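The values are calculated or read from the model by the stated rules, or taken from the named source; none is laboratory data. Source: prediction; values computed, not measured. Here the Cβ positions follow ideal geometry from the backbone for every residue, glycine too, while neighbour counts run over all protein chains shown. We work out accessible area using only protein heavy atoms, side chains counted, and drop any ligands, DNA or RNA first. Shrake-Rupley method; radii C 1.70, N 1.55, O 1.52, S 1.80 Å.
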Amino acid sequence: MFELYMLGMFLAAVSILTQPMASGRGREWWVEVDTDSPKHTYYFGPYDSKDEASNNTNAYITDLEKKGAKNISINIKQGRQPSQLKASEES
């Protein structure tokens, strides 16, 4: 009986200790970069904080400008990983 009690305590402790990690999923920060020419949306991340994501945006803009992208806009979002890290609206 004592062993069953200890097993229950162990499982409860594991559940409590792993709960914060599970609740943090989907709370990562992502940099969404839209370009008009060519028409693409890029996602960069994940980052642990909004500041960390924000600090990396200049490098993405510079790289895309070197590749000829026009009208670049940045949006920093928090959530789950996007299903695609690059999407194109051109055929």
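Filtering the range 46-91 to residues that are among the polar types (S, T, N, Q), within 14 Å of VAL31 (Cβ to Cβ) and at pLDDT below 90 leaves only GLN81.
For the range 24-32, the criterion of a residue being modelled with pLDDT under 90 and open to solvent by 60 Å² or more (accessible area, probe 1.4 Å) is satisfied by at least one position.
Going through (1) at pLDDT 90 or above; (2) surrounded by fewer than 10 Cβ atoms within 10 Å (Cβ to Cβ) one by one, LYS39 falls short only on (2). Remark: pairs (first residue in the range 60-76, closer than 15 Å to PRO38 by Cβ; second residue open to solvent by 60 Å² or more (accessible area, probe 1.4 Å) and in a helix (DSSP H, G or I); Cβ separation under 9 Å; 6+ apart in sequence or on different chains) = ALA69/ASP63; ILE72/GLU65.
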